[in-house]
Amino acid sequence: MAMVKNAAVRTMSGPVQMPAHEVVYQQLREQILFGEMAPGQAVTIQGLTASLGAGMTPVREAIRRLISDGALVFQGNRRVSVPKLSSEDAEQIIYLRKTIEKELARRAALRISDAEIDRLAEIDAVLDRAISVGDVPGYLHGNYQFHSTLYAQADAPVLAEIANRLWLRFGPSLRVVCGRFGTQSLPDRHKDILTALRKGDADAAASALVQDVEQGMEQVAAVLAEEN
């Protein structure tokens with residue numbers, strides 16, 4: 001059982017303690033983001049307090065925030081679940097991702113340093129290894145890390161926040177796709193993005209990002225169409 005304690009995060013001014021409700025929020029967010037909680041899976045608030053080793057109050061606060069994020073839905077009787085996406089939901093998410101993340105990639109390409117590009121290349125190399133050995137958790141974590149690291153360079157916090165909420169919506173379904181077809185069925189366009197970044201070509205980086213989104217989300221949409 002994972003015990004929740006006040007955790008410290010390091011900032012430029014030194015370590016800062018995170019309150020228990022923030023720790024719980026981050027833990028539940030990761031479980032949803034990387035598909036550890038499956039679409040439609042219902043969990044009780046009491047069950048979450050036990051599995052996380054947290055108090056009822058921080059768990060309730062974390063759940064409230066995740067419901068606001070659209071990552072959980074309240075089912076009554078102290079139960080919450082990860083929402084199941086419909087084909088229509090996927091269509092809207094694809095549109096929003098292609099619009100918002102394209103702009104994040106374009107802005108990042110205009111600002112990113114050589115050191116950060118090298119960092120992205122390192123992340124992508126680890127991701128490639130996860131794909132080659134069929135490491136689904138490694139793929140999901142690496143793919144998210146690549147995108148979030150890229151978007152952090154865009155200096156566009158409003159757009160990045162929206163993108164993060166979208167990832168919470170489709171993350172559990174992406175895990176389903178990986179479980180059904182394996183990681184090698186999800187090729188990425190990260191090499192094209194990296195090439196564009198090294199050339200300083202913002203339009204090419206944005207275009208490659210859109211193709212990357214389309215590749216992954218089309219498979220998610222296909223699985224949802226079968227289920228619906």
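I63 fails exactly one of the following numbered conditions: (1) touching a residue at least 40 places away in the same chain (Cβ under 8 Å); (2) open to solvent by less than 20 Å² (accessible area, probe 1.4 Å); (3) not in a strand (DSSP E or B). What is the number of that condition?
Here I63 meets the rest and fails (1).
Conditions: (1) open to solvent by less than 50 Å² (accessible area, probe 1.4 Å); (2) modelled with pLDDT of 95 or more; (3) in a helix (DSSP H, G or I). R198 meets all but one. Number of the miss?
(1)
May I ask you to say which residue of A222, A154, A204 is surrounded by fewer than 22 Cβ atoms within 10 Å (Cβ to Cβ), of a type outside the set (K, R) and part of a loop (DSSP other than H, G, I, E, B)?
On the way: A222 fails: part of a loop (DSSP other than H, G, I, E, B); A204 fails: part of a loop (DSSP other than H, G, I, E, B).
Result: A154 is the single residue among A222, A154, A204 that is surrounded by fewer than 22 Cβ atoms within 10 Å (Cβ to Cβ), of a type outside the set (K, R) and part of a loop (DSSP other than H, G, I, E, B).
Looking at D155 and the list (1) in contact (Cβ under 8 Å) with a residue 40 or more places away in the chain; (2) under 16 Å from the mean Cα position of the chain (by Cα), which single condition is not satisfied?
Result: D155 fails condition (2) only.
Can you pull out every residue in region 157-188 that is open to solvent by less than 70 Å² (accessible area, probe 1.4 Å) and in a loop (DSSP other than H, G, I, E, B)?
Answer for region 157-188, where residues must be open to solvent by less than 70 Å² (accessible area, probe 1.4 Å) and in a loop (DSSP other than H, G, I, E, B): G182, L186, D188.
Residues of region 73-110 being open to solvent by 80 Å² or more (accessible area, probe 1.4 Å) and among the aliphatic types (A, V, I, L, M), which ones?
L110
Any idea which residue in region 20-50 is least open to solvent (accessible area, probe 1.4 Å), counting only those that are outside any helix (DSSP H, G or I) and among the β-branched types (V, I, T)?
First pass over region 20-50, keeping only residues outside any helix (DSSP H, G or I): 34-44.
With among the β-branched types (V, I, T) added as a condition, the list becomes 43-44.
Working: V43: 24, T44: 46 Å².
Looking at the filtered set, the residue picked out is V43.
The values are calculated or read from the model by the stated rules, or taken from the named source; none is laboratory data. Since this is a predicted model, take the numbers as computed values, not measurements. Cβ coordinates were reconstructed from backbone atoms using ideal geometry, including for glycine residues, and neighbour counts include every protein chain displayed. The accessibility values were calculated without ligands, DNA or RNA, using every heavy atom of the protein model including side chains. Shrake-Rupley method; radii C 1.70, N 1.55, O 1.52, S 1.80 Å.
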